[in-house]
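The values are calculated or read from the model by the stated rules, or taken from the named source; none is laboratory data. As the structure is a prediction and not an experimental result, all values here were calculated from the model. Neighbour counts are summed over all protein chains in view; Cβ atoms, including those assigned to glycine, are modelled from backbone coordinates with ideal geometry.
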Amino acid sequence: MSVLEFRPRFRFVTPLAKQEVIDRIEARLKLDNPNQLWLKNADYHLLLSFPQRDVHAWTPQMDIGLDTPDPPQQGTLVRCLIGPGPGIWMLFMAGYLGATLIALTGITLGVAQLALKHNAWGFWGVAPAALLAVVLLYLAREGRSKATEEMRILKRFVDDALGCDCFKLAEAQRD
C-alpha cells in the first residue's frame with residue numbers, strides 16, 4: 001500500500017494509548033500545521049480535514065478510529081480511511097443508482113414491448129444510462145487525480161504526529 005489508492009484503508013497497532021494518540025495529533029495541529037488542518041474528536045473517532053476555505057468537491061478527509069486491539073494488549077488499534085467527503089460520495093452513489101434504475105426500466109420496458117410484439121423503444125433508455133455511468137466514472141477518475149496530493153498531506157501529517165510510517169506499519173502487521 002505504498003501508493004495511495006482511492007479510499008485507502010489501513011490499520012495498525014501502536015504502542016501509544018488512545019489518549020496519547022489524540023494528544024499527539026492535537027499537539028501537531030497546534031505546533032506544526034502549515035495546511036491548517038482541523039480535527040473533530042467524537043469519543044475516539046477522529047476526523048482530520050482541510051479548512052473550509054480550501055475545500056473543493058474532491059478534497060479528501062481522514063477518518064481515524066481508535067480501538068482496543070484484539071487480543072487485548074498494550075497500545076491502540078488505529079484504523080484509518082482517507083476518502084472524499086460524504087456529500088460528494090452520496091452524489092456519486094445517487095448518480096450510479098439513477099443510471100442503474102434508468103437502464104433497468106429501459107430493459108424491462110423493452111422486453112415487455114417485445115413480448116407484446118410492439119415497437120421496443122424502451123431499450124433506448126439503456127444508452128443514456130450507459131453514458132451517465134461513463135461520465136461518472138470519468139469524473140471519479142479526475143477527482144482521484146486531483147485529490148492525490150491532499151491525501152498524501154493527510155497521511156504525512158498523521159505519520160509525523162505518531163512518529164511512524166503508517167502504511168509500512170500496517171503492511172508489517174497484516175495477517
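Exactly one residue out of 36, 74, 52 is surrounded by fewer than 14 Cβ atoms within 10 Å (Cβ to Cβ), modelled with pLDDT of 90 or more and not β-branched (Val, Ile, Thr): that is 36. Against the numbered list (1) outside any helix (DSSP H, G or I); (2) surrounded by 16 or more Cβ atoms within 10 Å (Cβ to Cβ); (3) aliphatic (A, V, I, L, M), residue 29 comes up short only at (1). Reported count of residues in region 138-168, each being assigned to a loop (DSSP other than H, G, I, E, B) and within 13 Å of the chain's Cα centre (by Cα), is 0. The residue that is farthest from residue 75 (Cα to Cα), counting only those in region 7-56 that are of a type in the set (Gly, Ala, Ser) and within 20 Å of the chain's Cα centre (by Cα), is 49. For residue 110, the stated conditions do not hold, so it cannot be described as modelled with pLDDT under 90, surrounded by 14 or more Cβ atoms within 10 Å (Cβ to Cβ) and more than 30 Å from residue 27 (Cβ to Cβ). The set of residues in region 54-90 being assigned to a strand (DSSP E or B), of a type outside the set (A, V, I, L, M, F, W, C) and touching a Phe, Trp or Tyr at 6+ places or on another chain (Cβ under 6 Å) is empty. Of all residues in region 158-175, those that are in contact (Cβ under 8 Å) with a residue 12 or more places away in the chain have Cβ atoms under 8 Å from Cβ atoms of residues that are acidic (Asp, Glu), 6 or more apart or on another chain, in 160/32; 166/159.
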